[in-house]
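Enquirer: Would you mind keeping the following structure in view while I ask a few things?
No lab work stands behind these numbers, since they all come straight from the coordinates. Keep in mind it's a predicted model, so treat the numbers as computed, not measured. FYI the Cβ positions are ideal-geometry reconstructions off the backbone, even for glycines, and counts take in every protein chain you see.
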Amino acid sequence: MEISIRKKIFLAFAIFIGLSALIWLRSYYSQYVLNQKIQIIERKYDLLNTILEARRYEKNYFLSFDKENIVEALGYVRHAEDILREILTQYGKYTLAKNLDESIVELLAYKESLTNLLKLQEEGHLLAPPDTINLIRKQGRILTSELEKIVQKERQFTRNLIGKSKTIHLLALIPVFILSVSIALFLVFNVNHPLKTIENAITKIARGDFDNIPEIKTGDEFESLVSSLNNMIDELNRRSKQLVQAQKLASLGRLTSGVAHELNNPLNNISTSIQILIEELEEADLEYKKELLVGAEKEVERGKDIVRSLLEFARERTLTLKQVNFLDLVNSAIKHVKSEIPDNIHLKVEVPDNIQATVGLRIRSVIINLITNAVHAMKDGGEITIKAKNELDREGFSFQVIDTGEGIPQKIITKIFDPFFTTKDVGKGSGLGLSITYGIMEQHSGTISVSSEVGKGTTFTSFLPFHQPDQRNI
């Protein structure tokens, strides 16, 4: 029968609490009995001391025959009688001496003898009969001896009870320890281990690893949870494959549409020029024919540029990664595009010279593309700022290319990294520059994002790690 984890934990803690309660009750009872024994010993010591005081006055009387000594002795005997009756009333079931009733009889007999002796004194008999003297001494001696034995017995029993209580407490710790270890092991293997397995599996899922979680045979909610997670993973795998296939088809459709659109315009222009040339072949206007041929050649170059961009977008090259100073890389990119930057655009570099990273040199192409994109966004001039900073907590660095151009409307900002998407006029761009940039950053384990405000400018923010594998396809 399967038992839920709640019931297992409840059962374990119920056993623990039950055992603890039994140990506590046993300990409480031992402490209660011990407390009663201590009070009995104290009262019996009081009783013994009171009898001893009575006997002291008794002996003083036999030395001086002073009647006051008998009166004092009788006072202590009466007090001893009260103490003895109190012990029998309050602590009778806890006392070891079961013959305390006999002790009362002996005490009463002793009191009666002292009372008779006092009467003799009051009647004028200064000397008591020898038999009376011997009887009183004998009764006092027997009473004292019995009480000393009782006190000694109670004291020994109390010592034994204290020792036994210590032993019981130590023995009680053994099952508590065993049960505590058992509960801890139960929590480790039946709660912590399954939770750790599920946690690791969820971490793998978050990383994109959709392998099934190993089955857990616990017969509780964890087993059901793992089964449900595996069903979810299977469904994710199935839907992921469908999504990848759909994305491939969508990308292929966009690529095909983009290629057809981009190549269709120059081909139409070439076709138009050739048709005009055929029709005007017999005409003697060579200058016009030359103009048509030059236009057709430009369209051919445009088509070649489109094909070259497609090849650049699609190809994979194996480059040796090398450690570079990022400021040097930025300066090299600026040098490459400096001739394309109009005089009304000011370029500002705020890059520290201590950023070292292992990257491919195609990162320079990223900087070139971002600068070129910023230049095209500022038809009326402005300022381009290149910033960079170390981010040691992320083990990498970030850099920004900021322009003060027209900005990008929010409705299209999510499309700017799509292949063939461009806002430039026909023939002014292929729409592949930012797509290539995005791919280079992704292949370098980096990221790139954009923020923009229409009329104020655009900021491209990129992040690259300091170190990467020795070689990779980038």
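Enquirer: Checking the table K304/K335; K290/K338; K335/K411 against a 30 Å threshold on Cα-Cα, which pairs fail?
Expert: K290/K338; K335/K411
Enquirer: Output the peptides 228-235, 436-443 sorted from most to least packed, where packing is the average of other Cβ atoms within 10 Å over each peptide's residues.
Expert: 436-443, 228-235
Enquirer: How much length is gained if the chain between Q443 and N134 is pulled fully straight, taking 0.36 nm per residue apart and subtracting their Cα-Cα distance, in nm to one decimal?
Expert: 99.3 nm
Enquirer: Same structure again: Just to check I understand the Karplus step: with θ = phi - 60° and J = 6.51 cos²θ - 1.76 cosθ + 1.60, what whole-Hz values come out for region 449-464, glycine and proline as x?
Expert: Whole-Hz 3J(HN,Hα) from phi for region 449-464: 9, 9, 9, 7, 9, 4, x, 10, x, 9, 10, 9, 10, 10, 9, 9.
Enquirer: Report, in listed order, any pair from K59/K111; K44/K149; K389/K415; K44/K153; K322/K348 with a Cα-Cα distance greater than 18 Å.
Expert: K389/K415; K322/K348
Enquirer: Calculate, in nm to one decimal, what I38 and T461 gain on full extension: separation in residues at 0.36 nm each, minus their alpha carbon distance.
Expert: 144.0 nm
Enquirer: Taking R0 as 35 Å, what FRET efficiency do you get between K290 and H336 from their Cβ-Cβ distance, rounded to the nearest 0.05?
Expert: 0.55
Enquirer: Next up: Would you mind getting me the FRET efficiency between S451 and I183? Use the beta-carbon distance for r and R0 = 51 Å, nearest 0.05.
Expert: Once rounded, the FRET efficiency stands at 0.40.
Enquirer: What is the order of S165, S449, fewest Cβ neighbours within 10 Å to most?
Expert: Ranking S165, S449 by Cβ neighbours within 10 Å, fewest first, gives S449, S165.
Enquirer: HN-Hα J couplings of region 55-64 from phi, Karplus 6.51/-1.76/1.60, θ = phi - 60°, integer Hz, Gly and Pro as x?
Expert: Once rounded to whole Hz, the list reads 5, 5, 5, 4, 5, 4, 5, 5, 8, 10.
Enquirer: Same structure again: Output ³J(HN,Hα) for region 12-29: one whole-Hz value per residue in order, computed from phi by the Karplus curve 6.51 cos²θ - 1.76 cosθ + 1.60 with θ = phi - 60°, and x for Gly and Pro.
Expert: Ordered by residue, 3J(HN,Hα) equals 4, 6, 5, 4, 4, 5, x, 5, 4, 5, 4, 5, 5, 5, 5, 5, 5, 5 Hz.
Enquirer: Around G396, which amide H atoms from residues at least 5 apart in sequence, or from another chain, sit under 5 Å from its own amide H, with H modelled in the peptide plane?
Expert: Here E391, F466 satisfy the definition.
Enquirer: While we're here: Run the numbers for R155 and E86: contour at 0.36 nm per residue of separation, minus the present Cα-Cα distance, in nm.
Expert: Computed gain between R155 and E86 is 22.9 nm.
Enquirer: Sticking with this one: Only residues of region 180-202 count here: report those whose backbone N is under 17 Å from the spot 7 Å along Cα→Cβ of N237, or say none.
Expert: So the set is 201-202.
Enquirer: For a Förster distance of 41 Å, can you work out the FRET efficiency between the beta-carbons of K322 and E383, rounded to the nearest 0.05?
Expert: 0.80
Enquirer: OK, next. Sorted by average packing, counted as other Cβ atoms within 10 angstrom per residue and highest first, what order do 343-352, 394-403 take?
Expert: 394-403, 343-352
Enquirer: Applying a 10 Å radius around every beta-carbon, put 363-376, 324-337 in order of their mean neighbour count, most first.
Expert: 363-376, 324-337
Enquirer: How far is it, in nm, from the label point at E395 to the one at H79 when both lie 7 Å from their Cα along the line to the Cβ?
Expert: 8.8 nm
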